[in-house]
1. Kindly evaluate Val137 against the criterion of being surrounded by fewer than 18 Cβ atoms within 10 Å (Cβ to Cβ) and either free of Cβ contacts under 8 Å to residues at least 24 places away in the same chain or in contact with a Gly (Cβ under 7 Å, 6 or more places away or on another chain) (or both).
2. Taking the conditions exactly as written (surrounded by 15 or more Cβ atoms within 10 Å (Cβ to Cβ) and not in a loop (DSSP other than H, G, I, E, B)), does Met85 satisfy them or not?
3. Starting from residues that are free of Cβ contacts under 8 Å to residues at least 60 places away in the same chain and not in a strand (DSSP E or B), keep the ones in region 143-165 and report whichever is surrounded by the most Cβ atoms within 10 Å (Cβ to Cβ).
4. If I ask for residues that are assigned to a helix (DSSP H, G or I) and of a type in the set (S, T, N, Q), which ones from region 201-239 would you list?
5. Can we say Met99 is hydrophobic (A, V, I, L, M, F, W, C), at pLDDT 85 or above and not assigned by TED's automatic domain parsing to the domain that holds Ser166?
6. Which of the residues belonging to region 111-134 are aliphatic (A, V, I, L, M) and buried (at least 17 other Cβ atoms within 10 Å of the Cβ)?
7. Could you tell me which residue of region 166-191 is farthest from Leu132 (Cα to Cα), considering only residues that are of a type in the set (S, T, N, Q) and surrounded by fewer than 13 Cβ atoms within 10 Å (Cβ to Cβ)?
8. Which one of Tyr125, Tyr157 is hydroxyl-bearing (Ser, Thr, Tyr) and over 24 Å from the mean Cα position of the chain (by Cα)?
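The values are calculated or read from the model by the stated rules, or taken from the named source; none is laboratory data. From a predicted model like this one, the values you see are computed outputs, not experimental measurements. Please note: Cβ atoms are built from the backbone with ideal geometry, for glycine as well, and neighbour counts cover all protein chains shown.
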Amino acid sequence: MAAKYSRLSTEDSKDTMTLDFSSAFTFEERDKDKQNTKYRSIFTYGNDMRLSDTKEVKQVSSDRFTWILVYLGYMLIYVMAFPIMIWFSIKRIKKGERMIVFRLGHMQRAKGPGLALVFPFIDRYFKKDVSLRAFSVPPKQVITCDKAIIEVGAEIYFQIVDVEKSVTNVQDLDRSTRVLVQTTLCNHLAQMNLADIESERRITADNIMEKSNSTSSSWGVQITRAELSQIKVLSKPLPKAAPSVMMPPGLFNIFGASVKISGAGTYFLDLLNGQGVIQEGPDPSGDPSATLTLTFDDLQAMLQGKLKPYQAYMSGRLIVAGDTAAALKLDQLANRVQAQ
């Protein structure tokens, strides 16, 4: 069937809908001399959105004027009732104390020791003891890094060195200092082993004091001394499982050596007499041919042929004391283990 094509008209039809692509918004030039344009929105914005400096100055001046007016009015009343008011105004500050006064909300310089003038109704004051004080941290149960359970407390000596910070930066100074030291004590001991805690009590106490001071300094408090109480061991550390090194029979006439495996203890390896012996502990005779020090992972790598003894010796991963030829004999041992 033949298709018939007709030529399409290139002119728009009169019935065609005309679309208006003009924007619903209008734009205008801000300045004839500038190319910047200003967007005109249905909302109205001011040309300057910043706060007026003049209003801020007026507000500060108004607050200052109000403060002066209240102060002058109070002083007038104070003078009229001077015989009575004076009895409530004089405060005695003892030696070792300091006073902080807030007058109409403004903090004054620290006062004391001696006499200080405090105006009733417009002054609030706080007395702080700046002498050296101490408190006890009750015994706390702590699980150490090696899974031991201990009970230990501490004696803490502290002193206020900045009275203004002790009033403005912390609400309850004594309680906050106690909680801080208790938390630092438990967190620090939980990261140590039992043996290190018992042997380094002085160093441990100094570290706890230093960590606590890093926070308490912002409160105006300095911890001057810390002493740990007697350590009570409730549960000893869990014993470490000794690694097992299986030696097949027939490994003899090689050497006898004491092998120190880092993190796993000392083992005596006798492959010179009989069928060969490996046992935990030093050489019973007290005179091994050589003393080899290496990690358990490196020993296993040598026996599996993944690490050459000479390579480990030259890189410092194998330390040999005594007969240095024993390091090379480990290669023979590895070959026999793999052959079995």
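1. Against the criterion (surrounded by fewer than 18 Cβ atoms within 10 Å (Cβ to Cβ) and either free of Cβ contacts under 8 Å to residues at least 24 places away in the same chain or in contact with a Gly (Cβ under 7 Å, 6 or more places away or on another chain) (or both)), Val137 does not qualify.
2. Yes: the conditions hold for Met85.
3. My answer is Asp162.
4. Thr204, Asn207, Ser212, Asn213, Ser214, Thr215, Ser216, Ser217, Ser218
5. Here the answer is yes, as Met99 does meet what is asked.
6. Passing the criteria: Ala116, Val118, Val130.
7. In this case the residue turns out to be Gln191.
8. Being hydroxyl-bearing (Ser, Thr, Tyr) and over 24 Å from the mean Cα position of the chain (by Cα) holds for just one of Tyr125, Tyr157, which is Tyr125.
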